[in-house]
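Q: I have a structure I would like to understand better, so I am pasting it below and will then ask my questions one at a time.
The values are calculated or read from the model by the stated rules, or taken from the named source; none is laboratory data. Only a predicted model underlies this, so the values are computations on that prediction, with no experimental measurement involved. Cβ placement follows ideal geometry from the backbone for every residue including glycine, while neighbour counts extend to all protein chains displayed. For accessibility, only protein heavy atoms count, side chains too; no ligands or nucleic acids. Shrake-Rupley method; radii C 1.70, N 1.55, O 1.52, S 1.80 Å.
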Amino acid sequence: MASLSKPDAPRFDVDVFQNEYLAQGAREVNAIVTVTATGGGTSGGRPLGAAAPGPGTAVVLVIDCSGSMEHPNTKMRNAREATAAAIDTLPDGVAFAVVAGTNRAEDVFPGNGTLAVLDPYTRVHAKEALHRLKPSGGTSISTWIDRARKLFDAHPGTTIRHAVLLTDGRNEHETPADLQRALDAATGAFTADCRGVGTDWEVAELRRISSALLGTVDIVAEPSGLAEDFRAMMATAIGKQVADVALRVWTPANARVTFVKQAAPAVEDLTGRRTEAGPRAGDYPTGSWGDESRDYHVCVEVPAAAVGNEMLAARISLVLPGPDGTTEVLGQGLVRAVWTDDLASSTRINPQVAHYTGQAELAESIRDGLEAHRAGDLDRATARLGAAVRLAHASGNEGTLKLLRKVVDVVDAREGTVRFRKNVSEADSMTLETRSTKTVRVKK
């Protein structure tokens, strides 16, 4: 374990779990890196480079107001109530705005191209302005993302910048390239949680947005559940007080990073998000932190060596860029490689690595199974979801197993023997797909 945080700052601890022993000629080194942050969120510690919740925190609520939001008409009413609940959850001092999203983005409050600061006066007037959220027009999500980015840019005093994006449909009135352009411009500027209400939106589309903006994606099948979900999102958002933290991976000469994935609390592949950070080092974004713990799976390919040799395969650091171009190291851990002719040592799989490899396979099995079902390949769908049941059962992922049971009848969970249910609801299928990447920690 290593933590280099200052005594009066949030503490970042880094633990590395691996089997460092390799057989002669082996080159692949796997490690699970557990990062735990304490004192920077709900525990009330002083954050790094930001003030306590309130000043330094900004939130933009982007609400789908396309024509489909009036079917049923309770959907728009629930969206207004949820937005009001979010505003009530945020503490005074937070900068905020409300945006109506259609085939364009319109500032609903404060309505002047910038953010308002929450206080008793703005809280009342913001909730009054929610009556202007009325369904009409189409859906062009790139304009929503662009508007949120410009609002954050107009309030440069904030370090924690978080958006909520709610939609009930597909991004039908622009091209995928339009959306990608907006995501490229917004990446690193703010984080965003995405929510789909009902069942007429695309999971892959919202996941693409939440992944690029280092947030979460989830389904709210019934509009009546929006208010509770928005309250929970805001409570989490105001607990984030350390922004723009990166996982820096240094490797020695002739070694290379094969992949870096967040493994818990959800699977997220960060490999393609690497930015160079000096000789043989790369940074992988992790977003904003409060009091929480996350696991990362790092795989490194090293030069093969003879029995008895050992080397530092990677140095993992948590880093925070400073405004003056400097970088503060918050925590650090080492990944080792030792070559041995002891078969028992070199073939032993670290339980953390094995567990999260299985969790990634679980998510892939669910995705493949649901895609096969949509394509009409019932045999493949049953086989892949059966594999998912087996993996969920073996790893103790009861949440995912419960969702799987709504889609398949489980004959034998241990063996993964299942039968596809008839008349599976779209809500159950989408909930399983949306939450398929959620993982559980290694059982003690």
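Q: Checking Gly325 against (1) buried (at least 22 other Cβ atoms within 10 Å of the Cβ); (2) on the phi > 0 side of the Ramachandran plot, which test does it fail?
A: (1)
Q: Return the only residue of Ala246, Ala266, Ala255 being touching a Ser or Thr at 6+ places or on another chain (Cβ under 6 Å), modelled with pLDDT of 95 or more and aliphatic (A, V, I, L, M).
A: When all the criteria are applied, what remains is Ala266.
Q: What are the residues in the stretch 271-284 that are over 15 Å from Ser317 (Cα atoms) and not hydroxyl-bearing (Ser, Thr, Tyr), if any?
A: Gly272, Arg273
Q: Hey, another quick one. Could you name every one of the helices (runs of 4 or more DSSP H) located completely within the stretch 377-434 that has at least 3 residues being farther than 28 Å from Cys194 by Cα and open to solvent by 30 Å² or more (accessible area, probe 1.4 Å)?
A: Helices (runs of 4 or more DSSP H) meeting the threshold: 378-395.
Q: Next up: Among Ala237, Ala243, which is open to solvent by less than 40 Å² (accessible area, probe 1.4 Å), part of a helix (DSSP H, G or I) and more than 16 Å from Leu334 (Cα to Cα)?
A: None of the others qualify; the one that does is Ala237.
Q: Identify all residues within the stretch 22-40 that are modelled with pLDDT of 95 or more and more than 30 Å from the chain's Cα centre (by Cα); write none if there are none.
A: The answer is Leu22, Ala23, Ala26, Arg27.
Q: Let me ask something else about it. Which of (1) crowded, with 21+ Cβ neighbours inside 10 Å; (2) of a type in the set (Phe, Trp, Tyr); (3) closer than 30 Å to Ser395 by Cβ does Phe230 not meet, given it meets every other one?
A: With (1) crowded, with 21+ Cβ neighbours inside 10 Å; (2) of a type in the set (Phe, Trp, Tyr); (3) closer than 30 Å to Ser395 by Cβ applied to Phe230, the lone miss is (3).
Q: Go through the stretch 246-266 residue by residue and tally those that are over 26 Å from Gly25 (Cα atoms) and either in a loop (DSSP other than H, G, I, E, B) or hydrophobic (A, V, I, L, M, F, W, C) (or both).
A: Selection size over the stretch 246-266: 6.
Q: From (1) within 25 Å of the chain's Cα centre (by Cα); (2) over 15 Å from Ala163 (Cβ atoms), pick out the condition that doesn't hold for Gly111.
A: Evaluating Gly111 over (1) within 25 Å of the chain's Cα centre (by Cα); (2) over 15 Å from Ala163 (Cβ atoms) leaves (1) as the failure.
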